[in-house]
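Engineer: Before I ask anything, here is the structure I am working with.
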Amino acid sequence: MKDTRSFKTLEWIGDIDGYLELTDQRQLPGNFTKIKCQTVEQLYDAIKTLAVRGAPAIGVAAGYGVCIAAAKISDSQKLTSAIVLLEKDIDYLASSRPTAVNLFWALDRMKKTAADFVQQDRSASLKDFRRVLLDQATDIYNQDVAMCNAIGANGAQFIPDGGAVLTHCNAGALATAGVGTALAPMFEAHKTGKKFKVYVDETRPLLQGARLTAWELQRSGIDATLICDNMAGWLMKQGKINAVITGADRIAANGDAANKIGTYSLSILAAAHNIQFYIAAPTSTFDLSIPDGSCIEIEQRDSAEVTSFGIRPTAPDGIDVYNPAFDVAEAHNITAIITEKAVIEAPTTEKIAMASKF
């Protein structure tokens with residue numbers, strides 16, 4: 001599928017001493033602005049505050065973050081000491097957010113690339129070291145673009161011609177280096193002439209559906225209707241929704257899938273109304289080290305996200321707040337997981353393990 005976007009969520013500018021440019025998603029849809037990340041501290045803040053978000057995009061950004069870290073290492077450093085400094089920055093970036101496994105997948109891949117290079121030639125130049133890291137980060141970027149295209153091709157068959165799908169949070173171009181995960185099948189189906197409607201959950205408390213997904217779909221010309229999160233069940237009852245498709249930030253070995261808070265509720269509602277429920281995510285989101293969703297660490301975020309809207313308070317001072325960023329849809333409520341490699345129907349531990357080997 002051709003990438004027809006008129007914007008890039010993230011882009012490396014320059015050569016080995018360059019920087020990472022991000023679309024600041026905190027400002028959308030009102031303002032389309034870019035930010036420069038020239039230090040690991042700036043990138044950490046961008047990830048932490050959701051200037052860049054979405055599991056694949058976070059992974060790609062982290063890969064380039066290692067290049068930023070390498071660029072600040074003095075040319076007088078030996079490679080053996082340079083890698084020690086680099087690993088400190090890698091650990092720092094890894095502490096930015098706990099749930100999306102792509103962050104750790106990308107950082108581990110960059111760490112291995114660095115270690116392998118030093119092991120092969122301890123006398124190599126720091127310039128060559130930086131070149132290898134940038135090449136690896138660029139590979140991660142390019143693979144993410146290809147992954148999105150493949151998910152779109154694999155998932156378009158599940159977009160009902162003449163029907164309607166519901167999506168939650170944002171798993172489009174803004175969440176990846178390519179055209180998206182959950183939105184990729186919609187873009188592909190739209191390109192091939194299918195006529196369908198998309199209902200977009202607003203996605204409280206940070207409104208990624210209202211601010212980001214609605215913005216993307218509207219720009220693409222897809223028929224989209226924004227709804228409040230608590231309206232989804234009633235639309236299902238009325239027969240207005242034929243399928244649900246969301247992304248995922250981490251998928252356990254048995255197929256349990258962590259995604260933006262509210263996804264679990266949608267999976268239960270879909271099951272109750274006999275509606276197909278799909279997860280669209282790359283195989284890099286699989287975490288085979290954990291048996292099921294109960295082992296996934298759920299990020300807890302600042303109470304201000306719930307008690308205010310922008311700068312305006314919406315709750316009394318001092319009220320206790322519980323603000324988990326994610327929940328887990330259980331595998332038995334997932335019709336299929338759409339990956340770049342295959343569609344895993346009725347996911348199980350055995351099927352996930354088999355798909356991971358491809």
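Engineer: Does Ile261 fit the bill of being among the aliphatic types (A, V, I, L, M) and either in contact (Cβ under 8 Å) with a residue 60 or more places away in the chain or touching a Pro at 6+ places or on another chain (Cβ under 6 Å) (or both)?
Structural biologist: For Ile261, the condition - among the aliphatic types (A, V, I, L, M) and either in contact (Cβ under 8 Å) with a residue 60 or more places away in the chain or touching a Pro at 6+ places or on another chain (Cβ under 6 Å) (or both) - is met.
Engineer: Here is a further query. Just checking: which of the helices (runs of 4 or more DSSP H) contained wholly in the stretch 203-283 hold 2 or more residues that are at pLDDT 95 or above and farther than 27 Å from Ala51 by Cβ?
Structural biologist: 232-237, 263-272
Engineer: Filter the stretch 106-122 down to residues that are at pLDDT 95 or above, in contact with a helix residue (DSSP H, G or I) (Cβ under 8 Å, 6 or more places away or on another chain) and either of a type in the set (Ser, Thr, Tyr) or surrounded by fewer than 13 Cβ atoms within 10 Å (Cβ to Cβ) (or both), then give me how many there are.
Structural biologist: 1
Engineer: Separate question: Given the condition touching a Ser or Thr at 6+ places or on another chain (Cβ under 6 Å) and at pLDDT 95 or above, answer yes or no: does some residue in the stretch 301-313 qualify?
Structural biologist: no
Engineer: Given the criterion within 17 Å of Ala253 (Cβ to Cβ), free of Cβ contacts under 8 Å to residues at least 12 places away in the same chain and assigned by TED's automatic domain parsing to the domain that holds Gly262, identify the matching residue among Glu330, Glu350, Glu297.
Structural biologist: That would be Glu350, the only listed residue that is within 17 Å of Ala253 (Cβ to Cβ), free of Cβ contacts under 8 Å to residues at least 12 places away in the same chain and assigned by TED's automatic domain parsing to the domain that holds Gly262.
Engineer: Give the residue that is nearest to Gly172 (Cα to Cα), with candidates limited to residues of the stretch 232-245 that are among the hydrophobic types (A, V, I, L, M, F, W, C) and in contact (Cβ under 8 Å) with a residue 12 or more places away in the chain.
Structural biologist: Ile245
Engineer: Could you look through the stretch 329-343, keep only residues that are of a type in the set (Val, Ile, Thr) and buried (at least 23 other Cβ atoms within 10 Å of the Cβ), and pick out the one that is farthest from Asn142 (Cα to Cα)?
Structural biologist: It comes out as Ile334.
Engineer: Being within 24 Å of Arg97 (Cα to Cα), aliphatic (A, V, I, L, M) and over 20 Å from the mean Cα position of the chain (by Cα) is true for just one of Ala304, Ala346. Which residue is that?
Structural biologist: Ala304
Engineer: Is there any pair with a first residue in the stretch 181-202 that is under 10 Å from Ile159 (Cβ atoms) and a second that is aromatic (Phe, Trp, Tyr) and assigned to a helix (DSSP H, G or I) whose Cβ atoms are under 7 Å apart and which are 6 or more apart or on different chains, and what are they?
Structural biologist: Final answer for the pair search is Pro185/Phe158.
Engineer: Mind checking which residues of the stretch 241-250 are surrounded by 24 or more Cβ atoms within 10 Å (Cβ to Cβ) and either among the polar types (S, T, N, Q) or under 12 Å from Ile338 (Cα atoms) (or both)?
Structural biologist: Ile245, Thr246, Gly247, Ala248
Engineer: Quick one: what pairs do we get from the stretch 45-68, first residue free of Cβ contacts under 8 Å to residues at least 40 places away in the same chain and farther than 15 Å from Val101 by Cα, second of a type in the set (Gly, Ala, Ser) and crowded, with 24+ Cβ neighbours inside 10 Å, C-beta under 8 Å, 6+ apart or different chains?
Structural biologist: Ala46/Ala61
Engineer: Is it fair to say Gln208 is surrounded by 24 or more Cβ atoms within 10 Å (Cβ to Cβ), under 15 Å from Gly180 (Cβ atoms) and assigned by TED's automatic domain parsing to the domain that holds Glu330?
Structural biologist: So Gln208 passes the test.
Engineer: With Val165, Val101 as the choices, which residue is modelled with pLDDT of 95 or more, buried (at least 18 other Cβ atoms within 10 Å of the Cβ) and in contact with a strand residue (DSSP E or B) (Cβ under 6 Å, 6 or more places away or on another chain)?
Structural biologist: Going through Val165, Val101 in turn, just one is modelled with pLDDT of 95 or more, buried (at least 18 other Cβ atoms within 10 Å of the Cβ) and in contact with a strand residue (DSSP E or B) (Cβ under 6 Å, 6 or more places away or on another chain): Val165.
Engineer: To continue, here is another question. Among the residues of the stretch 316-345, what is the count of those that are part of a loop (DSSP other than H, G, I, E, B), within 23 Å of Cys169 (Cα to Cα) and out of contact with any Asp or Glu (no Cβ under 8 Å at 6 or more places or on another chain)?
Structural biologist: Residues meeting the conditions: 5.
Engineer: Related question: Could you list, in sequence order, the residues of the stretch 88-98 that are assigned to a helix (DSSP H, G or I), out of contact with any Phe, Trp or Tyr (no Cβ under 8 Å at 6 or more places or on another chain) and surrounded by 15 or more Cβ atoms within 10 Å (Cβ to Cβ)?
Structural biologist: Of everything in the stretch 88-98, those that are assigned to a helix (DSSP H, G or I), out of contact with any Phe, Trp or Tyr (no Cβ under 8 Å at 6 or more places or on another chain) and surrounded by 15 or more Cβ atoms within 10 Å (Cβ to Cβ) turn out to be Asp89, Ile90.
The values are calculated or read from the model by the stated rules, or taken from the named source; none is laboratory data. Remember, it's a predicted structure, so these values are computed and weren't measured experimentally. Backbone-built Cβ (ideal geometry, glycine too); neighbour counts: all protein chains shown.
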